[in-house]
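No lab work stands behind these numbers, since they all come straight from the coordinates. The structure displayed is predicted, hence computed values, not measured ones. Here the Cβ positions follow ideal geometry from the backbone for every residue, glycine too, while neighbour counts run over all protein chains shown.
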């Protein structure tokens, strides 16, 4: 059996940064060659970044992607890496963008994978299954490919596939079995969701069985806007054995030697017995065509055996914390912001966001501002100062009362308008400091508060990035406690243990307005994340009165949001969930 | 030939308001019956409103839609309208929502049309072509139907189709020819775009030729979030003759008698000569199945001939103005807001928004606030007061200087931070008044300003609805001049003729920072709306230096927006365009 040393480059990429991404590919290809690899695979859309969304409709961008691919192939040869087979994702096109029904059907854009070898593009494959749910809109952007590309490399047949191709039975993996390949390379941009790693391994195992071949799965890492990619790259044998696995959220090269059946000898090639056929999960509409390409040259057998690690899985709290840190860091770095600023109330939410920011950027790029009012308690100010001291961030105090008083002296306001005014004066101050110093403003409202509208529009909602927007309050506490067990505790114990309060009126507590978070969060999850109706929530065991109360709060919060903020929705494309409700919607379970 | 009197109900509907929409259907069906119609057709998704977006994933909503359809059928019979054939759009389901790849393939949601007759659902049809471009995401939400429903009504074969089915050649209209139908009913939710009526008539004519049948096209009217539906319903003969056409943006019943070929005698039925075959614009992948349903009862021939109007088309300015008025009115009414509030600067943008608001809601539901600073000129204050007097809206003056001074006394700010501070103090005041009185806050920035970032985040961008967000500045002036020719001029002449200024520093003029709007707007249109790159814009005849300057401004504005406002994009789902660019995007034509 030929031995193929493959390298999975679990690396970061930036949307639109063709030169930067190409440079990263050259750098990691050098490492792969140095490790003696015959083939290195990069994630989906590595060259362009993922997701490129409407950039796909800009002809100049698509042309630039194709040009960058050819320059990259040439550059790799210049680097002396021409003999390494480099699998890389990019955007291709074989017609005008299918932006409307007027466009010629059959033309369009391709989510593509290429094999670069000896200075040229040796083979290409176009993604067959296009996901169009959750955070994915690929039916808008791409036309599906309908043939499988099989590359013969050093006597082994290798099939190319892209991401969603592995999430659906039938199609490329069935074609790969028919083609009798020894290896399927699957390049991914698969976003993080809590415990997604529990789903991935069984999925790759099912597909390896379907193809009757080893599967090499490589995933992106890094933050891109509201998405975070978690890596979790792996190699699984045709019998389902996990042979190697990279870490979560880590940038690394996973190198592993595979003894693979020579081309033509694969047990599942056409002509083999029916008994080897997989149990396929769905009806397959039609067989894909198979395009075969031979890559010239023989494989030098590796001098010694190399085995990739099988990285252990990290805890839920570490997963979420790491995703939040990486998401924030990449949002700041990919945008090129020098620093971040946030208001510090002394409460748990701003403390956790500050700790995330310091973990992401270091204390020197984080400014925390205490913005006390007449209602701020002494412990709030103390806890904010304590947090600043523990984390080492830049700290300043800007009392808001003189500005609040100026508004109150000139406008006749009462009740919630006065509460909101304080939050808005804080927003104006943070924005003024952002304008003066170029900071990105961080927002600190958690998902529970946002869902029930316990937040001030244009007040504490001011900011360009909110690490907690998809984190329920119960999880905020859990994260704080976990983080404090990792080395020096950054978060004051008092911020964790005290009863939460917005401190917008005397002696205010969250519990005056909201149910206990332990019962609130599951109802929000059902109603907002899982589209459950009132009857289903009650059937799931939630207290009927509480369900009515919470649904009313969520619906009312949506009403208030649309009164003053355009198209504001509680949960966007965050952590694998894209919620799109009509704004002026009369169908309410709670009102 | 049998004579069929058909009524097209070009009416409004509200997303999620099942009882309200059902009541409207019963009311308009009564009018159709009173006019002697045999068949009345309502728009796509009339019963649920359109678009329902993620509501489709809520099982309780889909069940409520199906229940409402059955109750509606029964209610029509109770009303004595059981003999009238009522064609109505709704959401149906024949399986769990296809929310992810894990869902059973083949199951899902249907964009459906039903014929209600004698108290029951007599026939249903599922939309075949699902649009997934521009403002449409129907591949996310629906599963395509693959059979054509043909209803025999009074001896005439009538095919049911939905919206996009008419925008693509092949599919249902080819099947309708094969089925030999005399009439195709096409129900729509087709959003307004400038001059879309110029496209629709030739489209319906092509499809009538394809089907070899008369086509009855009925479209929704009304505003729904960022979309406006413009009606433009029509009946076109198989020879392409326009037989009747409703007005634009009007709620009306278009009643027209059609002499139609009896079933089996249609010239294009299976077995007729090939010469009658249409020239089809694309390859048709497969023939749709044909389901035939007979509606019992004979048609009473109409006592006298009835011919629908052929409404003339309105001017471009009237089209846009009417769309803006209708869009705002329905946003306010469908949300149930009591009133609106906006800042009046004396400039053209806020004057036009105020005039639109007064046209939409009447002066008593509109409050204009003059918010002068130390930099506000006398003419600005006079022009704002003049506008208030002309339109009769509620007017108040709230000087901002005391609050601005309080911030300046406590923070050390200079330059653009001071300019922005003034706009933000105005935003805080408008929000305080909104909180106190329940007004919807209107934003007044035009598309040109927003695109180049000539606007303050959390300042003049505060508000829940912006009628001008998709209107370039040149068009704002054009609209103002046009509106002033319609009866008493609401807009002060001085607001139209004076040089535009933000008045955030002494003697500031837009022209200090921006190119002339006459050259700016075409570049914005090319870059933002049409995805043209730098080279294409220059090739189109724009001055290269100007192109570079404008692209840099647009790119820089996007950078500034993402620094402090989450996911803010310059153009959303407004007037038939849905732009979705990655936020942290390094591919820039202008930076």
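Placing a label point 7 Å from Cα along the Cα-to-Cβ axis, residue B:310 is separated from the same position in the other copies by 7.8 nm, shortest listed first. Between the range A:511-546 and the range B:317-387, the C-alpha centres lie 40 angstrom from each other. Fewest-first ordering of B:536, B:378, A:503 by other beta carbons within 10 Å of each residue's beta carbon gives B:378, B:536, A:503. For chain A, the relative contact order is 12 percent, taking Cα pairs closer than 8 Å that sit 6 or more residues apart in sequence and dividing their mean separation by the residue count.
Counting other Cβ atoms within 10 Å as a rough exposure proxy, the listed residues B:315, A:31, B:233 run B:315, A:31, B:233 from fewest neighbours to most.
Note on the range A:12-29 and the range B:114-133: Cα centroid distance 50 Å, given to the nearest whole angstrom. With neighbour counts taken as other beta-carbon atoms within 10 Å, the residues A:127, B:389, A:525, B:469 rank, fewest first, as B:389, A:525, B:469, A:127. Beta bridges from DSSP with both residues in the protein assembly as shown: antiparallel share about 50 percent, rounded to the nearest 5.
Calculated [222 nm] ellipticity per residue, helices only, for chain A: -11000 deg cm²/dmol; basis is -39500 (n - 2.57) per DSSP H run with n ≥ 4, divided by all residues, nearest 500. Restricting attention to chain B, close to 50% of DSSP beta bridges with both partner residues there are antiparallel. Distances between equivalent label points of residue A:338 across the copies, with each point positioned 7 Å along Cα→Cβ, amount to 4.8 nm, shortest listed first. With the cut-off at 1.5 for a/c, could you classify the protein assembly as shown from its C-alpha gyration tensor as rounded, prolate or oblate? Cα axes put the protein assembly as shown in the oblate bin.
Each other copy holds its own label point for residue B:287; taking that point as 7 Å from Cα along Cα to Cβ, the gaps run 2.7 nm, nearest first. With the cut-off at 1.5 for a/c, could you classify the range B:3-295 from its C-alpha gyration tensor as rounded, prolate or oblate? It comes out rounded by the Cα gyration axes. How many angstrom lie between the C-alpha centres of the range B:403-440 and the range A:204-230? So the two Cα centres are separated by 49 Å. For chain B, just say rounded, prolate or oblate: build the C-alpha gyration tensor, square-root its eigenvalues into a ≥ b ≥ c, call rounded for a/c under 1.5, and beyond that prolate if a/b exceeds b/c, oblate if not. Prolate shape, in that a/c is at least 1.5 and a/b is the bigger ratio. Within the range B:3-295, DSSP assigns beta bridges of which about 60% are antiparallel (rounded to the nearest 5).
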